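Data block below; observations after.
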Amino acid sequence: MNDIYEVKSYSYELNPEMIKLIGEEFDVDKVTTTFADAIKGKSKEEIEAIGKDIFEAYGRDWMKKCHKLGDEYPDRTYEVLLETIDKTGGYYKFALLPQRFIEIAYLSTQEISTLPIVENNKDRLIYRMVDCKIFKNIKEKCGDEVANLLTCKNACITACETIHQDLEIDALIQMTASMPTDNYCEFAAKRA
């Protein structure tokens, strides 16, 4: 018997191949080893400058790759998100669209199954990184003093700025909490 309805099979999960590709290219162990090797014997000011350069480049390239592959490996969630943005004349573009790519980035490189989203509405996107592999690796390879300089924040801030710029969304990006003082990092994107 032929049914008049066609049952469609949808995947709402991020593509595992995409996650693997990003995780391999932006391996946290590699970038933290590069950083650790580059700062040997350097002053605090030099460490901060080197960290800024390394982690800004990492954050920019990481997010550009997440954006590219996120478009190339769509899932049903992404399709519905794009339909919603289209049907509302772009109203939901901020903050739902940046959130998708930010989640891809962190789920690909961190040992987490979900990214804690503190707030997502028409004005703000706020998310936390509670157990950061980059921070932990810097601490292990370089010690507490270097880790607490938070040069790694440049990766997260730059990644967030990059996706908003690439999506042509004006937003102010801030770090609102940090590992050394709050035991987690928190980032906020506010509509400009």
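The values are calculated or read from the model by the stated rules, or taken from the named source; none is laboratory data. As the structure is a computational prediction, the values presented were derived from the model and not from experiment. Here Cβ is always computed from backbone atoms with ideal geometry, including for glycine, and neighbour counts include all displayed protein chains.
For this structure, a couple of remarks:
- Residue within region 78-101 that is within 22 Å of residue 140 (Cα to Cα) and among the acidic types (Asp, Glu) present: no
- Selection from region 3-42 of residues that are closer than 18 Å to residue 76 by Cβ and without any contact (Cβ under 8 Å) to a residue 60 or more places away in the chain: 5, 6, 7, 8, 9, 16, 17
- Considered as a group, the residues in region 149-192 that are assigned to a loop (DSSP other than H, G, I, E, B) and buried (at least 21 other Cβ atoms within 10 Å of the Cβ) include one that is nearest to the chain's Cα centre (by Cα), and that residue is 152.
- Residues that are touching a residue at least 40 places away in the same chain (Cβ under 8 Å) and in contact with a Pro (Cβ under 7 Å, 6 or more places away or on another chain) within region 137-192 comprise 163, 164, 167, 169, 189, listed in sequence order.
- When residue 83 is tested against (1) modelled with pLDDT of 95 or more; (2) closer than 24 Å to residue 158 by Cα, just one condition goes unmet, and that condition is (2).
- Search result, residues across region 134-148 that are on the phi < 0 side of the Ramachandran plot and either modelled with pLDDT under 95 or not in a helix (DSSP H, G or I) (or both): 148
- Of the residues in region 58-67, not one is in contact with a Cys (Cβ under 8 Å, 6 or more places away or on another chain), closer than 26 Å to residue 172 by Cα and either charged (D, E, K, R) or free of Cβ contacts under 8 Å to residues at least 40 places away in the same chain (or both).
- Filter result for residue 73 (under 23 Å from residue 110 (Cβ atoms) and under 23 Å from the mean Cα position of the chain (by Cα)): yes
- Residue 127 satisfies every condition listed in (1) within 12 Å of the chain's Cα centre (by Cα); (2) among the hydroxyl-bearing types (Ser, Thr, Tyr); (3) modelled with pLDDT under 95 except (3).
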